[in-house]
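Structure record follows, encoded as structure tokens.
The values are calculated or read from the model by the stated rules, or taken from the named source; none is laboratory data. Every value quoted in this text rests on a predicted model; they were computed, and no experiment measured them. Don't worry about glycine lacking a Cβ; one is built from the backbone with ideal geometry, like all the others, and counts go over all protein chains shown. Note: areas computed on protein heavy atoms with side chains; ligands, DNA, RNA excluded. Shrake-Rupley method; radii C 1.70, N 1.55, O 1.52, S 1.80 Å.
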Amino acid sequence: TYPHDSENVTELLASIDLAMYRAKELGKDGAFTVEATIIDCSNGEIFAYETLARLVEPDGELIVAGSFINTLEKYSLSRRLDRAIINSALEYKSRHINNIDQRTKLFINLSAQEIQGRNILGYVEELCTQFNIPPSCI
């Protein structure tokens, strides 16, 4: 919806694209909102937040991850992006989400390169200690 989910046409179209793919993942007759929150259906409370990677063009246009992930992987840059996203997401959680409820989960999608090793769990654990976030929330 405009202006709730976006401030301009480009952002709205990117949000629609994301919501459409999420709805397809849910199966037939599904719907998905753009807000990257996961709600506990038993009580209606926020259970988790999901991090989303987006590029922002100088004119404000948002570029969804599907448009640039393959290029990053081709040039072995996805690990750098993953680490930047992890750092930003954990810092954001420590400053904004923890004030509401420290137990709220944070979901972070990572590249296959990052998941296959390179001590990502140790990196996340160090950041959790730095930002005072229980590792069980990530």
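Based on alpha-carbon centroids, what's the gap between region 72-100 and region 101-138 in Å, whole number please?
With region 72-100 and region 101-138 each reduced to a Cα centre, they are spaced 9 Å.
Filter the chymotrypsin sites (Phe, Trp or Tyr not before Pro) in region 29-138 down to the DSSP loop ones having no more than 15 other Cβ atoms within 10 Å, then list what survives.
Passing sites in region 29-138 are F32, Y75.
Relative contact order for region 81-138: what is it in percent, counting Cα pairs under 8 Å that are at least 6 residues apart?
48 percent
Starting from 0 in steps of 5 Å, tell me what percent of the Cα-Cα pairs of region 64-121 lands in each bin.
Once binned at 5 Å, the Cα pair distances of region 64-121 give 4, 17, 25, 20, 15, 12, 6, 2.
Beyond 22 Å, what percent of the Cα pairs of region 39-138 remain?
That fraction is 38 percent.
Just to confirm the filter: which GluC sites (Glu not before Pro) across region 34-138 are DSSP coil and have at most 15 other Cβ within 10 angstrom of their Cβ?
Listed in order of number, the matching sites are E35, E45, E61.
Could you report the accessible area of T10 in Å², rounded to 10, computed with a 1.4 Å probe on the protein chains as they sit in the structure?
50 Å²
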